Amino acid sequence: MAKYKFDVHYKGTALEDNSIPVKDLAPSLLSLSEAFQTIQKINNPSEAPLSLNITATKKGSFLVELLLVNGKDLLKQAMDFLNSGPSTAVINLATYVGIFVNVVNYITKIADKKIKDKKEENGKVTITLDDDSSITMSADEFKVYKNTRGAS
């Protein structure tokens with residue numbers, strides 16, 4: 001089973017007492033899990049489904065350590081290990097995290113602007129926005145952005 005561990009830190013004035021209501025945290029974690037599943041479906045639809053798991057909370061702070069998990073079958077794990085499957089799976093998981101972070105950054109930069117033009121070349125997509133600024137991203141990142149935002 002491939003694993004890629006990363007942390008999500010929540011901060012801000014709402015956390016002055018080192019706590020957050022579960023009803024506020026749960027939707028953000030569910031959305032994060034759905035985002036990774038969407039990225040995987042777009043990039044590797046035949047791969048075993050991802051699961052985003054919480055591994056621990058550290059005392060005295062609000063730190064949630066997340067574990068992105070791929071696959072469960074022990075026999076398949078053994079066969080994949082012999083065929084370098086786990087290495088590929090870990091690389092895929094790291095790639096999904098990279099795509100997620102980049103797409104969040106693109107969404108932030110694009111905000112309420114409209115895409116005026118789109119050019120695809122050599123696995124890259126360059127979009128020109130209605131303010132004449134442009135952003136270049138990988139074709140995979142654009143697929144995820146398009147899926148997330150309904151962009152054309």
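Does K41 satisfy the criteria of being at pLDDT 60 or above and either under 26 Å from I99 (Cβ atoms) or in a helix (DSSP H, G or I) (or both)? Before the answer, list the steps.
Values: at pLDDT 60 or above: yes; either under 26 Å from I99 (Cβ atoms) or in a helix (DSSP H, G or I) (or both): yes.
When the stated conditions are applied, K41 passes them.
Considering (1) part of a helix (DSSP H, G or I); (2) out of contact with any Phe, Trp or Tyr (no Cβ under 9 Å at 6 or more places or on another chain), the lone condition that F142 does not fulfil carries the number (2). Within region 30-56, residues that are charged (D, E, K, R) sit with their Cβ atoms under 8 Å from residues that are crowded, with 16+ Cβ neighbours inside 10 Å, at 6+ positions apart or across chains, in these pairs: E47/Q40; E47/N70; E47/A89; E47/N92. Among the residues of region 106-145, those identified as basic (K, R), more than 19 Å from N43 (Cβ to Cβ) and surrounded by 12 or more Cβ atoms within 10 Å (Cβ to Cβ) are K113, K116, K118.
The values are calculated or read from the model by the stated rules, or taken from the named source; none is laboratory data. None of these values were measured; they are calculated from a predicted model. With ideal geometry, Cβ positions are generated from the backbone for all residues, glycine too; neighbour counts draw on all protein chains shown.
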